[in-house]
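*Asks:* Okay, handing you the structure first.
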Amino acid sequence: MAASDFYLTLFAVPATGPRDGGLEDRVKAFLESSPMTESLDDAKFADVIGSASKADYLLANRAFIFELKTLNGDPKDRVENRLRERFAQPGGPIVFGQVGLSQIVDGLDDSQAVYKAVLDLSSRAVRRHLQKTNEQVASTREGLSLDDAAGMLVLMNDGEPMIDAACIGYSIKAAIEAVESGYPEIRYVLAIIESHRIRLPGGGEGYPLLLVCRQTDIPIQDAQFLGLMLDSWAKAHGAGLVRISHHGDWSAMDPIYDGGPPVLSPYR
């Protein structure tokens, strides 16, 4: 599997009202409601895997090895510190009042480098979870002799507004391309995001779902399972799954926040 293989499909679940309970708890309850789901914390796996690092679930009659990771660790302070360092340099901008970050950064000679630094700081958690999941899936695969099972990372974010859908998508792509092996144990990454919403085609808003596939020729049984799972997740939240054609345009993931976007204060 080439490290550069990266195919992102954007979905959304229409926002039909407030969500009950935390995202991680709802994802676990959803997965465990299926008779084809096995929790790797079950006592029956203790003698086989022991204390070795392991994933969270086996799904679809052990066709998938699932690992769940919640994005946390607000990057706001790190981003503000990085901007403060740049703005303190000779020729740095002087701002009165509160303005958007783009209004300041776009006028800098090194604006692209500044944006990249901000994005890299915001995406550290994504890179860390990819690396750890790759290890956990490999250990589970070896311990249970699941040579053909597909490794899958599920990233969940309902509490970090700065780590938005585009940031997650970019971070996955950049992390895969930056590592020579490209995290070969992970075939799919699903990001379930409820920290913000995105615009739906034809109007309305929804919570974004990003599905990253590491190959174009997805096995038919994988495609069927993933499609059924995402559709069932949407229906469990009282809505139908919406697929959004983005054509490689990250603006399709522009976030919509309650009360406006996160506010940065790099001048304190």
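*Asks:* Calculate, in nm to one decimal, what Ile220 and Asp148 gain on full extension: separation in residues at 0.36 nm each, minus their alpha carbon distance.
*Replies:* This chain segment gains 24.5 nm when fully extended.
*Asks:* Order the following by accessible area, largest value first: Thr9, Thr16. Probe radius 1.4 Å; ligands, DNA and RNA are ignored.
*Replies:* Numbers: Thr9 30, Thr16 85 Å².
So the residues, ranked largest to smallest area, are Thr16, Thr9.
*Asks:* If you take the beta carbon distance between Lys235 and Asp5 as r and set R0 to 35 Å, what does 1/(1 + (r/R0)^6) give as a FRET efficiency, to the nearest 0.05?
*Replies:* Efficiency for this residue pair is about 0.70.
*Asks:* Can you give the FRET efficiency to the nearest 0.05 for Ile256 and Gln131, using r as the Cβ-Cβ distance and R₀ = 41 Å?
*Replies:* E between Ile256 and Gln131, to the nearest 0.05, is 0.85.
*Asks:* How charged is the neighbourhood of Ile176? Take every other residue with its Cβ under 9 Å from the Cβ of Ile176, and add Lys/Arg as +1 and Asp/Glu as -1. Could the numbers behind the result be given before it?
*Replies:* On the way: positive: Lys173, Arg214; negative: Asp5, Glu177.
Counting the neighbours of Ile176, the net charge comes to 0.
*Asks:* Please work out the FRET efficiency for the pair Ala43 and Thr16, using the Cβ-Cβ distance as r and a Förster radius of 41 Å; give the result to the nearest 0.05. Numbers along the way, then the final one.
*Replies:* Working: r = 38 Å, r/R0 = 0.94.
Once the sixth-power term is evaluated, E becomes 0.60.
*Asks:* Ala29 to Ser181: extension gain in nm, 0.36 nm per residue of separation minus the Cα-Cα distance? Let's see the in-between values first.
*Replies:* Details: separation 152, 0.36 × 152 = 54.72 nm, distance 3.33 nm.
Between Ala29 and Ser181, full extension yields 51.4 nm more.
*Asks:* Ser251: net charge of surrounding residues, Cβ under 14 Å, Lys/Arg +1, Asp/Glu -1, itself excluded? It would help to have the intermediate numbers written out before the result.
*Replies:* Details: positive: Arg199; negative: Asp164, Asp249, Asp254.
Local charge sum for Ser251: -2.
*Asks:* Can you list the residues, at least 5 places off or on another chain, whose amide H is less than 5 Å from the amide H of Ala150, using H built in the peptide plane?
*Replies:* Phe64, Ile65
*Asks:* Accessible surface of Met36 in the full protein assembly, 1.4 angstrom probe, to the nearest 10 Å²?
*Replies:* Estimated to the nearest 10 Å², Met36 gives 80 Å².
*Asks:* Net charge around His237, counting only other residues with Cβ within less than 11 Å of its Cβ (Lys, Arg = +1; Asp, Glu = -1)? Before the final figure, lay out the partial values.
*Replies:* Values: positive: Arg19, Arg26, Lys235; negative: Asp20, Glu194.
Net local charge, His237 excluded: +1.
*Asks:* Sort 204-216, 245-257, 176-188 for me by packing, meaning the mean count of neighbouring Cβ atoms within 10 Å per residue, highest on top. All intermediate terms of the calculation are to be shown ahead of the outcome.
*Replies:* Details: 204-216: 18.9, 245-257: 12.9, 176-188: 17.4.
Averaged packing, sorted descending, gives the order 204-216, 176-188, 245-257.
*Asks:* Which of the residue pairs Lys28/Lys173; Lys69/Lys173; Lys28/Lys235; Lys28/Lys69; Lys132/Lys235 have a Cα-Cα distance greater than 23 Å in the structure shown?
*Replies:* Numbers: Lys28/Lys173 26 Å; Lys69/Lys173 17 Å; Lys28/Lys235 16 Å; Lys28/Lys69 11 Å; Lys132/Lys235 31 Å.
From the list (Lys28/Lys173; Lys69/Lys173; Lys28/Lys235; Lys28/Lys69; Lys132/Lys235), the Cα-Cα distance tops 23 Å for Lys28/Lys173; Lys132/Lys235.
*Asks:* May I ask you to rank Lys44, Lys54, Lys235 by accessible area, largest first, using a 1.4 Å probe over the protein chains only? Show your work: numbers first, answer last.
*Replies:* Numbers: Lys44 115, Lys54 55, Lys235 135 Å².
Sorted by accessible area, descending: Lys235, Lys44, Lys54.
The values are calculated or read from the model by the stated rules, or taken from the named source; none is laboratory data. This structure is a prediction, so every number in the text was calculated from the model and none was measured. Quick reminder, even Gly has a Cβ in these numbers, built from the backbone with ideal geometry, and neighbours come from all protein chains shown. Please note that ligands, DNA and RNA were not included when accessible areas were found on the heavy atoms of the full protein model with its side chains. Shrake-Rupley method; radii C 1.70, N 1.55, O 1.52, S 1.80 Å.
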